[in-house]
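> Here it is, the structure in full.
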Amino acid sequence: MRKGHTIRDNRTGESLTMLVSEEDNGGALQLYRVHLPPHRPGPPLHYHLAFAETFTVLEGTLDMYLDRERRHIQLLPGESVTAQIYQLHTFANDADVPCTMTVETRPAGGVVQAFQIAYGVANDGGAAKDGLPRNRLIRLRFIGISQGFLPGVPFMLQRTV
């Protein structure tokens, strides 16, 4: 996705704007801004093998959940947390007001490309309650592209699919 380009989930109002594309730096990183409406759940608890993600709040609050015990950290504007490679994490906006944050993936991963698919599917009416594709095959494709893996599901099965 090109720098400055925005994609949107018209159903939820969530949006993502590319700030620094991997094409800008040879794949070293991606930086994008995400707008989460109030009471917006995040993705399932997951981990990445190839990149770390740093979440920085610009406006509102962000609820981060880390590790298997889902340790809760509420981030305020200017605060950041990094989900390291192999670290279980998820996030949500549990507040009554919108949250705007940046997400940096280092090195660049497939998260933005995966959300292009998820938002397109959502805009066509195919999203589940969590915002990800309802169709299992498309959902698995989303997970594969995002390079996100789910705990409790055999890794080799996820990797193969």
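The values are calculated or read from the model by the stated rules, or taken from the named source; none is laboratory data. Quantities reported herein were computed from a predicted structural model and do not represent experimental measurements. Here the Cβ is made from the backbone with ideal geometry for all residues, glycine too, and neighbour counts use every protein chain on show. Just the protein is used for accessible areas: all its heavy atoms, side chains included, with ligands, DNA and RNA removed. Shrake-Rupley method; radii C 1.70, N 1.55, O 1.52, S 1.80 Å.
> List every residue pair whose Cβ atoms lie under 6 Å apart, where the two residues are 6 or more positions apart in sequence or sit on different chains, the first residue falls within segment 85-98 and is farther than 10 Å from residue 40 by Cα, and the second residue, located anywhere, is acidic (Asp, Glu).
Once the first residue is farther than 10 Å from residue 40 by Cα and sits in segment 85-98, its partners that are acidic (Asp, Glu) give 88/67.
> Would you point out the residue of segment 1-49, among those that are basic (Lys, Arg) and exposed (fewer than 15 other Cβ atoms within 10 Å of the Cβ), that is nearest to residue 151 (Cα to Cα)?
Quick first cut of segment 1-49, residues basic (Lys, Arg) only: 2-3, 8, 11, 33, 40.
Right, trim to exposed (fewer than 15 other Cβ atoms within 10 Å of the Cβ) and you get 2-3, 11.
Values: 2: 32, 3: 33, 11: 28 Å.
Once the filter is applied, the top-ranked residue is 11.
> Step by step: first the residues of segment 122-149, then only those that are open to solvent by 30 Å² or more (accessible area, probe 1.4 Å) and touching a strand residue (DSSP E or B) at 6+ places or on another chain (Cβ under 7 Å), then the one that is modelled with the highest pLDDT. Which residue is that?
134
> Out of segment 130-156, which residues are over 15 Å from the mean Cα position of the chain (by Cα) and in contact (Cβ under 8 Å) with a residue 24 or more places away in the chain?
Of everything in segment 130-156, just one residue is over 15 Å from the mean Cα position of the chain (by Cα) and in contact (Cβ under 8 Å) with a residue 24 or more places away in the chain, namely 151.
> Testing residue 83 on (1) closer than 17 Å to residue 30 by Cβ; (2) open to solvent by 20 Å² or more (accessible area, probe 1.4 Å); (3) touching a strand residue (DSSP E or B) at 6+ places or on another chain (Cβ under 8 Å), one condition comes back false. Which one is that?
Residue 83 satisfies all of (1) closer than 17 Å to residue 30 by Cβ; (2) open to solvent by 20 Å² or more (accessible area, probe 1.4 Å); (3) touching a strand residue (DSSP E or B) at 6+ places or on another chain (Cβ under 8 Å) except (2).
> Give the residues of segment 24-61 that are without any contact (Cβ under 8 Å) to a residue 40 or more places away in the chain and either outside any loop (DSSP other than H, G, I, E, B) or not polar (S, T, N, Q) (or both), sorted by residue number.
Answer for segment 24-61, where residues must be without any contact (Cβ under 8 Å) to a residue 40 or more places away in the chain and either outside any loop (DSSP other than H, G, I, E, B) or not polar (S, T, N, Q) (or both): 24, 26.
> Cβ-Cβ distance below 6 Å, separation of 6 or more or different chains: which pairs start in segment 62-82 with a residue that is under 18 Å from residue 36 (Cα atoms) and end on one that is open to solvent by 50 Å² or more (accessible area, probe 1.4 Å) and outside any strand (DSSP E or B)?
Correct list of pairs: 63/94.
> Any residue at all in segment 74-89 that's of a type in the set (Phe, Trp, Tyr) and not in a loop (DSSP other than H, G, I, E, B)? Don't jump to the end; show me each part of the working.
Here is the first cut: in segment 74-89, the ones of a type in the set (Phe, Trp, Tyr) are 86.
Next, only the ones that are not in a loop (DSSP other than H, G, I, E, B) stay: none.
There is no residue in segment 74-89 that is of a type in the set (Phe, Trp, Tyr) and not in a loop (DSSP other than H, G, I, E, B).
> Here's a follow-up. Could you please tell me which pairs satisfy a Cβ distance under 7 Å, a separation of 6+ or placement on different chains, a first residue in segment 104-124 that is farther than 24 Å from residue 10 by Cα, and a second residue that is of a type in the set (Asp, Glu) and outside any loop (DSSP other than H, G, I, E, B)?
105/53; 108/22
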